[in-house]
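S.K.: The structure is given below, and queries will be raised subsequently.
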Amino acid sequence: MNSFILYEGQSQLDGKPIVVIATGLNGSTNKKTGSLVQTWIIRSDIAPHEAIKTGDDSSICGDCTHRGKLVDGKLVGRSCYVLTHQAPLSVYKSFLKGNYTKPSEKEIRMLLKGKKLRLGAYGDPLAVPFEVWENALSYTIGNTGYTHQWQEGDSRFNKILMASCDSLKDQINASKAGYRTFRVKTKLESLVLGEIACPASKEQGQKTSCEKCLLCGGMSKLAKNIAIIAHGVGSTNFERKVA
């Protein structure tokens with residue numbers, strides 16, 4: 001088994017139907033993330049590339065600013081680095097075909113034993129009950145994860161997730177809320193006290209991979225906050241927003 005259904009039920013953000021698919025149990029060729037097991041949080045009833053056009057992606061992304069906005073029926077200003085018509089759509093199609101099984105909680109723990117888990121290759125982990133992640137992480141040896149919903153929701157998530165921050169103000173407020181932070185910044189912005197550049201980033205020469213680093217594991221790690229220069233297909237829109 002290389003993939004399975006980790007959770008299927010209501011979104012904790014708006015009560016709509018979602019599904020979480022774990023993939024890559026047998027490894028990955030992605031150099032940055034390494035062999036982290038990926039988890040895809042998507043609507044179970046709407047294709048991801050369609051959900052972003054209707055606003056239905058709020059079920060899995062909440063109020064994340066990178067979603068973009070609907071103006072006169074058109075999506076504008078999207079700065080998310082995820083291309084929903086690629087990996088998320090492929091996962092969704094496989095789900096519709098019934099290609100994934102849903103193991104028991106015990107079986108999930110055994111499948112993930114000794115693995116490293118990425119919470120939310122797409123989608124915000126806070127859309128999923130904390131207990132689902134808690135069970136999944138029972139026998140793993142590390143995880144990474146981020147949330148834009150750090151101002152609300154279950155406070156226990158700060159143990160396993162970084163607060164995704166898009167400004168210095170966000171970084172300060174998230175720290176006050178009890179989170180370690182992962183701040184996206186422009187090329188001209190400097191690091192602040194208690195913050196280091198992502199060692200797996202392009203600007204740091206990709207000294208390591210997310211799989212080896214695992215600094216982005218929330219308060220479970222006694223480490224500094226992380227920052228990275230905006231990257232990916234939506235980086236230009238991000239630069240415009242903060243200009």
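The values are calculated or read from the model by the stated rules, or taken from the named source; none is laboratory data. It should be emphasised that the depicted structure is a prediction, and the values quoted were computed from it without experimental measurement. Every residue, glycine among them, receives a Cβ derived from its backbone with ideal geometry; neighbour counts consider all protein chains shown.
S.K.: Checking the condition of a type in the set (Ser, Thr, Tyr) and either modelled with pLDDT under 95 or assigned to a loop (DSSP other than H, G, I, E, B) (or both), which residue from Ser90, Ser79, Ser59, Ser94 passes?
M.R.: Working: Ser90 fails: either modelled with pLDDT under 95 or assigned to a loop (DSSP other than H, G, I, E, B) (or both); Ser59 fails: either modelled with pLDDT under 95 or assigned to a loop (DSSP other than H, G, I, E, B) (or both); Ser94 fails: either modelled with pLDDT under 95 or assigned to a loop (DSSP other than H, G, I, E, B) (or both).
Checking each option against the conditions leaves just Ser79.
S.K.: While we're here: Kindly indicate whether any position in segment 147-160 is hydrophobic (A, V, I, L, M, F, W, C) and more than 14 Å from the chain's Cα centre (by Cα).
M.R.: There is no residue in segment 147-160 that is hydrophobic (A, V, I, L, M, F, W, C) and more than 14 Å from the chain's Cα centre (by Cα).
S.K.: Would you be able to tell me the number of residues in segment 197-221 that are under 18 Å from the mean Cα position of the chain (by Cα), of a type in the set (Lys, Arg) and over 21 Å from Lys115 (Cβ atoms)?
M.R.: Total meeting the criteria: 0.
S.K.: Filter segment 97-112 down to residues that are free of Cβ contacts under 8 Å to residues at least 24 places away in the same chain and not in a helix (DSSP H, G or I) and give me whichever is farthest from Gly142 (Cα to Cα).
M.R.: My answer is Lys97.
S.K.: If you check Leu119, Leu83, which single one turns out to be aliphatic (A, V, I, L, M), under 18 Å from Ile42 (Cα atoms) and in contact with a Gly (Cβ under 7 Å, 6 or more places away or on another chain)?
M.R.: From the options Leu119, Leu83, the qualifying one is Leu119.
S.K.: For the structure I just gave you, tell me whether Ser201 is touching a Phe, Trp or Tyr at 6+ places or on another chain (Cβ under 7 Å), of a type in the set (Gly, Ala, Ser) and surrounded by 15 or more Cβ atoms within 10 Å (Cβ to Cβ).
M.R.: no
S.K.: Whether any residue in segment 116-133 is part of a loop (DSSP other than H, G, I, E, B) and over 30 Å from Lys169 (Cα atoms) is what I want to check.
M.R.: Checking segment 116-133: at least one residue is part of a loop (DSSP other than H, G, I, E, B) and over 30 Å from Lys169 (Cα atoms).
S.K.: A further question on this structure: Residues to consider are Lys207, Lys169, Lys159; find the one that is surrounded by fewer than 20 Cβ atoms within 10 Å (Cβ to Cβ) and at pLDDT below 95.
M.R.: Lys207
S.K.: Considering Ile46, Ile41, Ile18, which residue is among the hydrophobic types (A, V, I, L, M, F, W, C), over 25 Å from Ala163 (Cβ atoms), touching an Asp or Glu at 6+ places or on another chain (Cβ under 9 Å) and modelled with pLDDT of 95 or more?
M.R.: Only one candidate qualifies: Ile46.
S.K.: All but one of (1) surrounded by fewer than 17 Cβ atoms within 10 Å (Cβ to Cβ); (2) modelled with pLDDT of 95 or more; (3) within 20 Å of Tyr146 (Cβ to Cβ) hold for Lys102, so report the exception by its number.
M.R.: Checking Lys102 against (1) surrounded by fewer than 17 Cβ atoms within 10 Å (Cβ to Cβ); (2) modelled with pLDDT of 95 or more; (3) within 20 Å of Tyr146 (Cβ to Cβ), the one that fails is (3).
S.K.: Could you please give the count of residues in segment 113-139 that are more than 20 Å from Ser79 (Cβ to Cβ) and in contact (Cβ under 8 Å) with a residue 40 or more places away in the chain? Full working, then the answer.
M.R.: Our first condition is that a residue be more than 20 Å from Ser79 (Cβ to Cβ); within segment 113-139, this holds for 113-119, 128-139.
Right, trim to in contact (Cβ under 8 Å) with a residue 40 or more places away in the chain and you get 115-119, 128-129, 132, 136.
Going through segment 113-139 one residue at a time, the tally reaches 9.
S.K.: Condition first: over 17 Å from Tyr7 (Cβ atoms) and among the hydrophobic types (A, V, I, L, M, F, W, C). Now tell me which residues in segment 47-85 satisfy that.
M.R.: Residues satisfying the conditions are Ala47, Ala51, Ile52, Cys64, Leu70, Val71, Leu75, Val76, Cys80, Val82, Leu83.
S.K.: Do the conditions hold for Glu195, that is, is it closer than 18 Å to Ala230 by Cα and not hydrophobic (A, V, I, L, M, F, W, C)?
M.R.: yes
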